[in-house]
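Asker: Sharing a structure here in structure tokens format.
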Amino acid sequence: MIKVILADDEPKVCHLISQLADWERFDMQLVGEAHNGIAAMALIEQLRPDLVISDIKMPGYDGLMLLKAARTLMPEIEFVIISGYRQ
């Protein structure tokens with residue numbers, strides 16, 4: 001089963017993403033949720049997920065900093081970066 005962490009500074013966005021898919025149907029399990037990059041990195045270190053779905057703009061580490069730090073620890077980790085900004 002693919003372990004997934006959601007990281008977004010807006011809890012409502014994490015909730016929405018968690019409700020968008022039938023995770024079990026895709027052999028995926030949501031194992032953690034974080035609302036800033038530092039908390040997300042702590043979850044990555046603790047839970048060793050296969051996939052992180054992360055906002056690009058968050059307090060602490062932004063999504064790209066999180067990706068870089070996580071890949072240093074776990075080169076095989078995959079990321080999906082999302083953004084609600086027009087830039």
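The values are calculated or read from the model by the stated rules, or taken from the named source; none is laboratory data. Just so it is clear, the structure is predicted and the values come from calculations on it, not from any experiment. Don't worry about glycine lacking a Cβ; one is built from the backbone with ideal geometry, like all the others, and counts go over all protein chains shown. We work out accessible area using only protein heavy atoms, side chains counted, and drop any ligands, DNA or RNA first. Shrake-Rupley method; radii C 1.70, N 1.55, O 1.52, S 1.80 Å.
Asker: When the solvent-accessible surface of protein heavy atoms is calculated with a 1.4 angstrom probe, in what order do LEU6, LEU20 fall, highest first?
Answerer: Order by accessible area, largest first: LEU20, LEU6.
Asker: Here's something else I'd like to know. Can you list the residues, at least 5 places off or on another chain, whose amide H is less than 5 Å from the amide H of ILE77, using H built in the peptide plane?
Answerer: none
Asker: Which listed residue (ALA34, ILE17, LEU66) has the Cα farthest towards the positive end of the charge dipole for the chain, taking +1 on Lys and Arg C-beta and -1 on Asp and Glu C-beta about the Cα centre?
Answerer: Most positive-ward Cα: LEU66.
Asker: Keeping all protein chains in place and using 1.4 angstrom, which order do GLU24, GLU33 fall into by accessible surface area, from largest down?
Answerer: GLU24, GLU33
Asker: Over the range 31-77, give the accessible area per residue in Å² for a 1.4 Å probe, as an integer.
Answerer: 51
Asker: Quick check: with the 1.4 Å probe, what order do LYS12, LYS68, LYS3, LYS57 take by accessible area, largest first?
Answerer: LYS12, LYS68, LYS57, LYS3
Asker: Given q = 0.14, 0.17, 0.23, 0.25 Å⁻¹, what are the Debye log10 I(q)/I(0) values for the chain, with equal point scatterers placed on the Cα positions and solvent ignored?
Answerer: Once normalised to I(0) and log-transformed, intensities are -0.41, -0.61, -1.12, -1.29.
Asker: When N is the residue count of the range 14-54, what does its C-alpha Rg come to as a fraction of 2.2 N^0.38 Å?
Answerer: 1.18
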